[in-house]
Amino acid sequence: MTTTNGSNEAIPTLQLLDPEGRRVTTRGTKGYRDRAADLTPENLRGMYRDMVLTRRFDEEATSLQRQGELALYAPSRGQEAAQVGSAYALRPQDFVFPSYREHGVLQVRGVDTVDRLRFFRGSDHGGWDPNEHNAHVYTVVIGAHALHATGYAMGVQRDGTPLDKHDGTAVITYFGDGATSQGDVNEAMVYATVNQAPVVFFLQNNQWAISEPTSRQTRTPLYRRGEAFGMPSLRVDGNDVLAVYAATQEALERARLGQGPSFIEAFTYRMGAHTTSDDPTRYRTTDQEEVWRRRDPIDRLAALLRAEGELDDEFVAQVQASADELGVGLRSGVRALDGGAPVSTFDDVYATPHGIVASERAWYEAYEAGDPPAEQYAIAETAQGGAR
Amino acid sequence: MTTMAERTQTTSGARAEGTKTLTLGKAVNEGLRAAMRRDDKVLLMGEDIGPLGGVFRVTDGLQAEFGEERVVDTPLAESGIVGTAIGLAMRGYRPVCEIQFDGFVFPAFNQITTQLAKIHNRTRGAIDMPVVIRIPYGGGIGAVEHHSESPEALFAHTAGLRVVSPSSPQDAYTMIQEAIASPDPVVFFEPKGRYWAKGEVDLDVPVGSATLNAAQVVRTGTDVTLVAYGPSVETALKTAAALAEEGRSAEVVDLRAISPLDTGAVVASVRKTGRCVVIHEAPVFFGAGAEIAARVTEECFYALESPVLRVGGFHTPYPVAKHEHEYLPSVDRVLDAVDRAFAH
Ligand SMILES: Cc1ncc(C[n+]2csc(CCOP(=O)(O)OP(=O)(O)O)c2C)c(N)n1
Ligand SMILES: [Mg+2]
């Protein structure tokens with residue numbers, strides 16, 4: 001498939017499944033087709049399941065927000081193939097640095113569904129232990145985490161981990177078209193290429209940064225940014241789960257083998273609003289939305305599975321039951337999240353005791369107990385060191 | 001998670017080095033060397049810190065000893081230095097970042113304040129951020145714009161960071177090692193005007209002797225407390241000597257850290273002397289002195305003979321080199337403040 005960037009310039013884009021879900025055999029894609037061919041029917045059904053569950057997660061979270069149970073939610077609708085396809089190429093030892101919309105990646109990574117909403121509930125700034133799933137928590141400051149991923153990859157290099165297609169360690173970072181304008185993303189690409197760090201820059205070009213179309217971010221197709229920094233770069237049809245999987249697997253293997261960073265632009269579409277606070281009717285047409293509804297990534301994989309006899313009624317019913325179960329668990333789990341006692345605000349500000357935090361905490365606790373000390377921030381007076 | 005005390009135990013038993021006379025810059029260098037020898041997870045990152053040894057030569061000889069993987073000449077991008085240091089820390093390293101000059105920390109300000117300071121909290125303590133940001137700061141060296149500033153209050157205002165500044169070679173040597181051992185991020189302000197000042201350094205001083213957070217009374221006195229840190233400690237000591245000639249006895253408290261702030265040490269002194277003058281090169285407006293004045297007023301209200309006074313920079317851009325000595329808190333301006341304190 002080729003698409004245009006608005007200036008009638010055709011942009012080469014890897015596609016292995018057309019919008020009708022038929023495998024395409026364009027010349028020059030054999031290597032990628034071979035990679036996709038490694039996916040067993042069971043794998044494909046697993047991908048389908050995770051995509052459907054991610055879609056359901058989105059719907060449940062959106063309705064929880066509408067009921068006042070979440071402060072905000074950023075839907076991933078339309079980006080399930082980009083997220084699930086790329087995450088399927090990861091191995092357990094790899095490390096993920098998401099931004100804030102990668103619910104499909106975290107689904108595959110096994111992060112608990114309720115934990116994934118702690119941040120949006122306003123009960124946590126993060127929600128899970130990154131080392132448990134080798135997936136960092138969300139980073140909201142656009143692009144900042146691309147540098148963390150690169151630094152982490154520089155650490156991997158220094159650890160002397162094996163350079164092996166399977167047992168090597170790769171790092172992947174997810175960011176958006178808007179983020180490509182950030183200095184941090186560009187600095188990350190400088191650091192990654194100069195150091196040949198094992199990191200994959202995974203751009204989901206969903207064509208919108210809140211209300212700004214990609215034309216407000218760039219004059220060049222974005223995948224060429226990666227090229228310019230000196231790394232292999234590829235544009236894939238982000239609604240084609242096979243192409244995304246194959247391209248990501250290639251890039252991750254390159255990283256695991258010590259062959260440096262790669263850049264992938266997954267060209268997709270944000271089918272929903274930017275967040276539950278957004279109103280897309282102010283900046284885009286329903287015509288455009290309709291065009292992309294017809295390119296729904298889940299429908300595409302479903303069509304493939306159906307054509308290949310892998311989507312029987314029983315399986316569809318199973319997935320549906322899992323989705324219902326996810327919804328039930330999410331609704332009750334989210335409602336139970338309360339953020340803990342207010343005094344927990346003082347927890348984990350520092351890893352070692354800090355006198356100012358300690359004295360403010362002590363004052364607050366006394367105040368809450370109805371017994372505020374005369375001096376607002378009572379100090380500890382010790383001979384050496386005082387209020388640490 | 002490792003506590004400072006645990007790390008102290010692991011660092012004991014190094015071979016004895018004795019006592020040497022070192023400049024403050026060389027003391028930082030020796031402290032870095034000791035930390036790197038002790039723990040191979042310690043890395044240095046910065047611009048021109050390799051073969052050149054840094055523009056102030058603070059990392060002189062370290063790349064030759066530890067190699068390019070541990071003393072890293074980074075691309076010229078400060079946000080990148082700190083942002084990649086965060087990732088390295090997540091992978092178990094202890095990066096020490098050099099920012100070439102105070103005025104060039106701002107490209108990294110976002111990474112320091114929204115990420116470095118908060119990741120421990122954001123992950124509810126699951127991840128530590130043992131990262132040190134070394135910043136040569138302060139004026140008095142006749143430099144051009146962006147090379148003489150004191151932005152420490154901007155960092156002290158951010159929860160999650162520790163902000164410290166040594167005033168002597170001994171403290172520089174000890175504190176840099178403690179900063180590296182800290183599981184919390186430390187912004188380490190090096191008084192560049194004092195890089196060449198010499199002092200005795202006991203190289204065997206145990207790391208973890210708590211200099212990082214504890215103020216120190218560096219001169220005892222009875223009539224007025226002079227509170228300072230970093231480059232201003234020398235100014236305070238000179239002022240105290242001048243006051244002694246006038247028959248006034250000044251106590252000098254070297255804060256060493258402004259986050260946390262060792263309020264106890266200051267309060268103990270002011271309760272004794274009844275007067276307090278805070279000195280720093282940073283602008284007094286919303287500066288560390290304002291915080292100290294507020295706390296001293298709260299804690300020592302009945303002991304105070306006069307309002308707490310501040311001597312420091314003005315609310316102007318740092319001046320051109322030709323005028324910087326009018327802007328910096330000089331002995332004369334501190335003496336003037338002490339006179340005003342005694343006028344009450
Ligand atoms: C540094 C910064 N500036 C502004 C914002 C507010 N903001 C949140 S998301 C967003 C758009 C991001 O667009 P893109 O990178 O394309 O990611 P997408 O939301 O499409 O996934 C903006 C401007 C922010 N979070 N961080
Ligand atoms: Mg976008």
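The values are calculated or read from the model by the stated rules, or taken from the named source; none is laboratory data. Keep in mind the model is a prediction, meaning the values are calculated, not measured. Positions of Cβ are generated from backbone atoms using ideal geometry, with glycine treated the same way; all protein chains shown enter the neighbour counts. Only protein heavy atoms, including side chains, enter the accessible area calculation; ligands, DNA and RNA are left aside. Shrake-Rupley method; radii C 1.70, N 1.55, O 1.52, S 1.80 Å.
What about residue B:246, is it open to solvent by less than 10 Å² (accessible area, probe 1.4 Å) and not polar (S, T, N, Q)? So residue B:246 fails the test. Selection over the stretch B:238-269 of residues that are in contact (Cβ under 8 Å) with a residue 24 or more places away in the chain and away from chain A (no Cβ under 14 Å) gives a count of 9.
The requirement of being among the β-branched types (Val, Ile, Thr) and either open to solvent by 10 Å² or more (accessible area, probe 1.4 Å) or touching a Lys or Arg at 6+ places or on another chain (Cβ under 8 Å) (or both) is not satisfied by residue B:59.
Among the residues of the stretch A:116-158, those that are of a type in the set (Lys, Arg) and more than 7 Å from chain B (Cβ to nearest Cβ) comprise A:116, A:118, A:121.
Every residue, every condition in (1) open to solvent by 10 Å² or more (accessible area, probe 1.4 Å); (2) within 21 Å of residue A:349 (Cβ to Cβ), yes or no:
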residue: B:102; (1), (2): no, no
residue: B:105; (1), (2): no, no
residue: B:110; (1), (2): yes, yes
residue: B:116; (1), (2): no, yes
residue: B:121; (1), (2): yes, yes
residue: B:126; (1), (2): yes, yes
residue: B:129; (1), (2): no, yes
residue: B:132; (1), (2): no, yes
residue: B:135; (1), (2): no, no
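Within the stretch A:204-222, being within 9 Å of ligand 2 (Cβ to nearest atom) and part of a strand (DSSP E or B) holds for A:204, A:205, A:208, A:209, A:212. Within the stretch A:196-212, the set of residues being more than 7 Å from ligand 1 (Cβ to nearest atom) and open to solvent by 40 Å² or more (accessible area, probe 1.4 Å) comprises A:196, A:211, A:212. How many residues does the stretch A:170-182 contain that are open to solvent by less than 10 Å² (accessible area, probe 1.4 Å) and either in contact with a Lys or Arg (Cβ under 8 Å, 6 or more places away or on another chain) or within 16 Å of ligand 1 (Cβ to nearest atom) (or both)? Matching residues across the stretch A:170-182 total 8.
For (1) within 14 Å of the chain's Cα centre (by Cα); (2) open to solvent by 10 Å² or more (accessible area, probe 1.4 Å), each residue gets a yes or a no:
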| site | (1), (2) |
| --- | --- |
| A:124 | no, yes |
| A:133 | yes, yes |
| A:136 | yes, no |
| A:156 | no, no |
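Based on this model, can you work out whether residue B:235 counts as in contact (Cβ under 8 Å) with a residue 24 or more places away in the chain, closer than 30 Å to residue B:103 by Cα and outside the structural domain of residue B:335 (by TED's automatic domain parsing)? No; evaluated as a whole, the condition is false for this residue. When each of A:231, A:271 is tested for being within 12 Å of ligand 1 (Cβ to nearest atom), in a loop (DSSP other than H, G, I, E, B) and in contact with a helix residue (DSSP H, G or I) (Cβ under 9 Å, 6 or more places away or on another chain), the lone residue that passes is A:271. For the stretch A:170-196, a residue qualifies if it is polar (S, T, N, Q), more than 16 Å from ligand 2 (Cβ to nearest atom) and more than 10 Å from chain B (Cβ to nearest Cβ), and exactly one does: A:196. Does at least one position in the stretch A:291-301 carry a residue that is under 20 Å from residue A:75 (Cβ atoms), free of Cβ contacts under 8 Å to residues at least 24 places away in the same chain and of a type outside the set (Lys, Arg)? Scanning the stretch A:291-301 turns up at least one residue that is under 20 Å from residue A:75 (Cβ atoms), free of Cβ contacts under 8 Å to residues at least 24 places away in the same chain and of a type outside the set (Lys, Arg). Looking at residue B:172, is it within 14 Å of another protein chain (Cβ to nearest Cβ), in contact with a helix residue (DSSP H, G or I) (Cβ under 8 Å, 6 or more places away or on another chain) and either at negative phi or open to solvent by less than 30 Å² (accessible area, probe 1.4 Å) (or both)? So residue B:172 fails the test.
Looking only at residues of the stretch A:274-290 that are assigned to a helix (DSSP H, G or I) and open to solvent by 50 Å² or more (accessible area, probe 1.4 Å), we find that the one that is nearest to residue A:211 (Cα to Cα) is A:282. Among the residues making up the stretch A:320-341, a single one is at pLDDT below 95 and away from chain B (no Cβ under 14 Å): A:338. Whether a residue is open to solvent by 40 Å² or more (accessible area, probe 1.4 Å), more than 15 Å from ligand 2 (Cβ to nearest atom) and aliphatic (A, V, I, L, M) was assessed, and residue A:147 does not pass this test.
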